[in-house]
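Reading through the structure tokens given below for one structure.
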Amino acid sequence: MAQVKKDQVIEILKQCYDPELPVDLWNLGLIYDIQIQKAYDEKISDVNILMSLTTPGCSMGQQMSQDIKSKLETLDEVNQAFVEVTFDPPWNQEMITDEARGKLGLGVSGPQEKQESNINMEWE
């Protein structure tokens, strides 16, 4: 068995949805970081996800975290998945991908409209 790949993790994240929006968590920009490390037997992986919610008062955070965890742990390459919720930096609509903007009817943003953030996008 091999370690899980980041693209496999992203494909799972694209199957997890915010219950209040018809868009997956990845394209909403709610996933801030993905860390993959060797599990205890070094043949499979542990996955750590750092995510946010659209609002700090969102009551569905636990449900979304559990959905990610349970779906990732169905992969043969994953030993355990851990999901942590943060609000630093706070999520905002500029984090939504153009694909999700289209689905939500928000229009596609230009590069000048993208806000700088400290989200870790350098995963490899």
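Where a number appears in this text, it was derived from the coordinates with a stated rule and is not lab data. Everything numeric in this text was worked out from a predicted model, so none of it was measured. Using ideal geometry, Cβ is built from the backbone for each residue, glycine included, and neighbour counts are taken over all protein chains shown.
Listed values, structure above:
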quantity	calculated
Integer Hz, Karplus 6.51/-1.76/1.60 couplings in order for region 45-57, x for Gly and Pro	10, 9, 10, 10, 10, 10, 9, 10, 10, 5, 9, x, x
Within region 48-86, GluC sites (Glu not before Pro) in DSSP loop having at most 14 other beta-carbon neighbours inside 10 Å	GLU73
CD proxy at 222 nm, helix term only [per DSSP H run n ≥ 4: -39500 (n - 2.57); per residue of the chain; nearest 500]	-6500 deg cm²/dmol
Interchain or long-range residues, amide H under 5 Å from SER45's placed H	VAL4, ALA39, VAL78, ASN79
Sparse-neighbour loop sites [chymotrypsin sites (Phe, Trp or Tyr not before Pro); region 34-95; at most 11 other C-beta within 10 Å; DSSP]	TYR40, PHE87
Net charge dipole size for region 14-89 [Lys, Arg +1 and Asp, Glu -1 on Cβ; Debye, nearest 20]	60
